[in-house]
1. Which value, in debye to the nearest 20, gives the size of the charge dipole of the chain about its Cα centre, when Lys and Arg are +1 and Asp and Glu are -1 at the Cβ?
2. How large is the direction-averaged shadow of the alpha-carbon convex hull of the range 101-253, in nm²?
3. Normalised by the residues of the chain, what does the relative contact order come to in percent, with Cα pairs under 8 Å and at least six apart?
4. Please compute the length gained on full extension between K187 and K66, using 0.36 nm multiplied by the number of residues separating them and subtracting their Cα-Cα distance.
5. For a label point 7 Å from the Cα of D205 along Cα→C-beta, name the residues of the range 167-186 whose backbone N is under 13 Å from it.
6. Could you pull out the pairs from K23/K131; K10/K31; K19/K107; K49/K247 whose alpha carbons sit more than 24 Å apart here?
7. Of the GluC sites (Glu not before Pro) in the range 1-94, which ones lie in a loop per DSSP and count no more than 15 other C-beta atoms within 10 Å?
8. If you average the C-alpha positions of the range 108-168 and of the range 175-196 separately, how far apart do those two centres end up, in angstrom?
Amino acid sequence: MIQNNYIVVKGERGVRSIKNFIKTAFEPVGKVMYIYGGGWNETDNGAGKEAMTLGISESWIDFTSKQNSNYNYKNYDYKKDVNVIHNGLDCSGYVGWVIYNVLADGKGYVTNSYKMDDMLAEKGYGKITLKENVTDSRAGDIMCSGCNDCKHVYISLGKCSDGSILLLHSSPPGVQLSGTYTPKCGKNSEAVRLASEYMKKYYTDWYNKYPENSRNTSYLTHYDKFEWSILSDEEEYRNMTPEKMLKDIFNEQ
């Protein structure tokens, strides 16, 4: 399906698999701007109505359509105008929306980025590996950091052969596919190449406005890992290379 000149990858509601988790996570890519507080409720203590909506909210699409390459999320401060939270998603709002749409159980899943893994583990949905013990991340892992220079959460799409990680997240300017540097700070990594290739090919309008999608090595070392136990993996996405997984997601031969 083509919308706004790029292909939309669409997940299925209530299908509890790693593949569907990844497909669902792609739905807002190139469609939703980063808004600090986006996805939260107006009392700022949990999931808002957009993060508890099945599918993409029209308010996101409308807001994104009005933005250009000079977009600055700092111009939309929910502490000054709480209504801006309905215009987009922050990092935990995005991951919470993905979880809500995959589990489709009517529960809210938005919390602080560094508490996301604890919340899910406490519900019995999987296990946590602390950052000092993380040696890899695979498709579907939720990576959470409480470091002062991070305080972020992202969805891993797996580790490339050079040690870089391909990932999905809501990070200024919005929801996007990104790639990290290599562990030795190599900026021309395999993950960065894949992120650029797929954003340019399938999300052209967004890429033309916001071509920067590389991330530094803190994404490799500052994050605890949450690994699902309640999502099946018959397609063996967790054993695929990121490149092979992308070909399957986008139905490439």
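1. Details: 30 positive and 32 negative charges, 70 e Å.
Using only the charged Cβ atoms, the result is roughly 340 debye.
2. On the way: hull surface 38.4 nm².
Mean projected area of the Cα convex hull: 9.6 nm².
3. Numbers: 555 pairs, mean separation 57.8, N = 253.
Relative CO of the chain lands at 23 percent.
4. Numbers: separation 121, 0.36 × 121 = 43.56 nm, distance 3.16 nm.
Gain on stretching K187 to K66: 40.4 nm.
5. Correct set: none at all.
6. K23/K131; K49/K247
7. On the way: sites: E12, E42, E50, E58; in loops: E12, E42.
Within the range 1-94, the qualifying GluC sites (Glu not before Pro) (loop, at most 15 other Cβ atoms within 10 Å) are E12, E42.
8. Using only Cα atoms to place each centre, the spacing works out to 17 Å.
The values are calculated or read from the model by the stated rules, or taken from the named source; none is laboratory data. Every value quoted in this text rests on a predicted model; they were computed, and no experiment measured them. As a convention, Cβ positions derive from the backbone with ideal geometry for all residues, glycine included, and neighbour counts pool all protein chains shown. Accessible surface areas use protein heavy atoms only, side chains included; no ligands, DNA or RNA. Shrake-Rupley method; radii C 1.70, N 1.55, O 1.52, S 1.80 Å.
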